[in-house]
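Trainee: There's a structure below that I have some questions on.
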Amino acid sequence: QVQLVESGGGLVQAGGSLRLSCAASGRTTSTYAMGWFRQAPGKEREFVAAITWSGLNTVYADSVKGRFTISRDKAKNTVYLQLNSLKPEDTAIYYCGANKGGTSMRGTSYDYWGQGTQVTVSS
């Protein structure tokens with residue numbers, strides 16, 4: 001089993017920045033691809049970013065490309081999501097997931113999920 005715990009969310013003004021963390025415990029996730037998704041009120045969960053197990057390859061949703069950066073520290077078993085130039089439409093609960101099968105934009109591909117962290121961007 002893998003347990004994922006997100007942190008780092010909060011309230012920020014438009015144009016501001018946050019860094020989200022996703023700490024994994026239990027079975028190592030060093031061979032898992034990791035991803036971030038988000039869900040806004042009344043909307044479905046959507047893909048944000050993903051990173052391969054090696055950390056060498058990343059993929060982003062078009063809506064966040066150039067503003068968000070995903071990275072991982074395998075020694076700390078932690079994945080990060082740097083959020084810059086935040087917009088009100090980025091307001092959502094952000095979830096991290098672990099995927100044994102590799103990077104994917106599909107939430108159904110992920111094997112484990114955290115409980116989420118709230119990001120609120122005010123205009």
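Trainee: Please give the per residue accessible area of the chain, computed with a probe of 1.4 Å over protein heavy atoms only, in Å².
Mentor: On a per-residue basis, the chain sits at 50 Å².
Trainee: Right, something else. Give the residue list of trypsin sites (Lys or Arg not before Pro) in segment 17-123 that are DSSP loop and have at most 12 other beta-carbon atoms within 10 angstrom.
Mentor: Sparse-neighbourhood loop trypsin sites (Lys or Arg not before Pro): Lys43, Lys65, Lys76, Arg106.
Trainee: Within segment 47-67, list the residues whose amide N lies under 11 Å from a label point set 7 Å along Cα→Cβ of Gln82.
Mentor: 67
Trainee: While we're on this one: Quick one: the Cα spread of segment 1-66 along its three principal axes, in angstroms, biggest first?
Mentor: Each principal axis gives a Cα extent; for segment 1-66 these are 36, 24, 22 Å.
Trainee: Can I ask one more? Using a 7 Å offset from the Cα along the Cα-to-Cβ direction at both Lys65 and Arg106, what is the distance between the two label points in nm, to one decimal?
Mentor: Label at Lys65, label at Arg106, 2.1 nm between them.
Trainee: Sticking with this one: I need the GluC sites (Glu not before Pro) found in segment 27-123, filtered to DSSP loop residues with at most 11 other beta carbons within 10 Å of theirs.
Mentor: Answer by residue number: Glu44.
Trainee: What figure in square angstrom, to the nearest 10, would you give for the accessible area of Asp62 with a 1.4 Å probe?
Mentor: Its heavy atoms expose roughly 130 Å² to the probe.
Trainee: About the Cα centre of the chain, what is the dipole size in debye to 20, counting +1 per Lys and Arg Cβ and -1 per Asp and Glu Cβ, all else neutral?
Mentor: 220 debye
Trainee: For the chain, what number of Lys pairs, 8 or more residues apart or on separate chains, have alpha-carbon atoms under 20 Å from each other?
Mentor: Pairs that pass both the separation and distance tests number 4.
Trainee: On the protein heavy atoms, probe 1.4 angstrom, tell me the percent of accessible surface of the chain carried by carbon and sulfur.
Mentor: Carbon and sulfur: 48 percent of the exposed surface of the chain.
Trainee: With label points built 7 Å along Cα→Cβ from the Cα atoms of Ala40 and Glu89, find their separation and express it in nm.
Mentor: For Ala40 paired with Glu89, the spin-label model returns 0.7 nm.
Trainee: Below 8 Å, C-alpha to C-alpha, sequence gap of six or more: please give me the relative contact order for the chain in percent.
Mentor: 36 percent
Trainee: Another question, then. How many times 2.2 N^0.38 Å is the alpha carbon radius of gyration of the chain?
Mentor: Its radius of gyration relative to the 2.2 N^0.38 Å reference: 0.97.
The values are calculated or read from the model by the stated rules, or taken from the named source; none is laboratory data. Since this is a predicted model, take the numbers as computed values, not measurements. Backbone-built Cβ (ideal geometry, glycine too); neighbour counts: all protein chains shown. Each accessible area value is taken on the protein alone, full model and side chains, heavy atoms only, with ligands, DNA and RNA left out. Shrake-Rupley method; radii C 1.70, N 1.55, O 1.52, S 1.80 Å.
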